Amino acid sequence: MQSKRKLTKDINFVLMEDSDVSVKHIIHSLRKMDFIGEIFVEVNAKLGYQLIKKKLQEATPIDVILCDLHMPNNDGLDFLRQVKIDSNFPEIPILMLTSEEDIDLVLECLKEGATGYALKKLEGNHLFEKIEESWNKVYK
């Protein structure tokens, strides 16, 4: 766990999602919650991992990762496993997103290092609560 840090509205997100409709919906939801930071988007876990590493090398803070569980080529579990073996990857809240309500998948994601799990259909306060829960697992 990192040192205490308050969740603010100017944080940066990485969103890994292959569905254009879901990307638009999630970005709209984040903006509706008044998040004003950058939202970097990639279509699969491999590209998302590379994007995060690049942004961190550029000293661009990545504060929260939102990662779809099911994507072509490299999925959310692949991403979690990659992060787990990378000793240089910083501790960042990782909220897994899916349309499934499968408790075994939830448990596997948490075992692999996710700090939270949310259904894609969550909006407004519910999505904010899930982001805040993940945030608090890392920064409190």
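Counting only residues that are of a type outside the set (A, V, I, L, M) and at pLDDT 95 or above, the range 36-47 holds 4 of them. Screening Leu127 with (1) without any contact (Cβ under 8 Å) to a residue 60 or more places away in the chain; (2) of a type outside the set (Lys, Arg); (3) surrounded by 17 or more Cβ atoms within 10 Å (Cβ to Cβ) gives one miss only, at (1). Screening the range 12-70 for residues that are surrounded by 14 or more Cβ atoms within 10 Å (Cβ to Cβ) and among the small types (Gly, Ala, Ser) and picking the one that is farthest from Leu105 (Cα to Cα) gives Gly37. Applying the condition of being among the charged types (D, E, K, R) and without any contact (Cβ under 8 Å) to a residue 24 or more places away in the chain to the range 8-29 and asking which residue is nearest to Val43 (Cα to Cα) yields Asp20.
Which ones in the range 99-134 are under 14 Å from the mean Cα position of the chain (by Cα), closer than 20 Å to Thr8 by Cβ and assigned to a helix (DSSP H, G or I)? The answer is Leu127, Phe128, Glu129, Lys130, Ile131, Glu132, Glu133, Ser134. Here Met1, Met71 are screened, and the one residue that is modelled with pLDDT under 95, over 23 Å from Leu119 (Cα atoms) and among the aliphatic types (A, V, I, L, M) is Met1.
When the range 1-60 is filtered for residues that are part of a helix (DSSP H, G or I), more than 19 Å from Lys130 (Cα to Cα) and not hydrophobic (A, V, I, L, M, F, W, C), the ones remaining, listed by number, are Asp20, Lys46, Gly48, Tyr49, Gln50, Lys53, Lys54, Lys55, Gln57.
Rundown of residues vs (1) under 15 Å from Ile131 (Cα atoms); (2) touching a strand residue (DSSP E or B) at 6+ places or on another chain (Cβ under 7 Å); (3) surrounded by 14 or more Cβ atoms within 10 Å (Cβ to Cβ); (4) free of Cβ contacts under 8 Å to residues at least 12 places away in the same chain, yes/no style:
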residue	(1), (2), (3), (4)
Asp86	no, no, no, yes
Leu97	yes, yes, yes, no
Glu100	no, no, no, no
Glu108	no, no, yes, no
Lys111	no, no, no, yes
Ala114	yes, yes, yes, no
Ala118	yes, yes, yes, no
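Restricting the first member to the range 30-54 and to residues that are closer than 21 Å to Phe79 by Cβ, and the second to residues that are loosely packed, with under 14 Cβ neighbours inside 10 Å and charged (D, E, K, R), the beta-carbon pairs closer than 8 Å and six or more apart or on different chains are Gly37/Lys9; Gly37/Asp10.
The residues of the range 69-98 that are among the acidic types (Asp, Glu) and under 17 Å from Asn12 (Cα atoms) amount to a single one, Glu91. Annotation: of all residues in the range 61-84 being part of a strand (DSSP E or B) and of a type outside the set (Val, Ile, Thr), the one that is farthest from the chain's Cα centre (by Cα) is Asp68.
The values are calculated or read from the model by the stated rules, or taken from the named source; none is laboratory data. This structure is a prediction, so every number in the text was calculated from the model and none was measured. In this analysis, Cβ positions are derived from the backbone assuming ideal geometry, glycine residues included, and neighbour counts consider all displayed protein chains.
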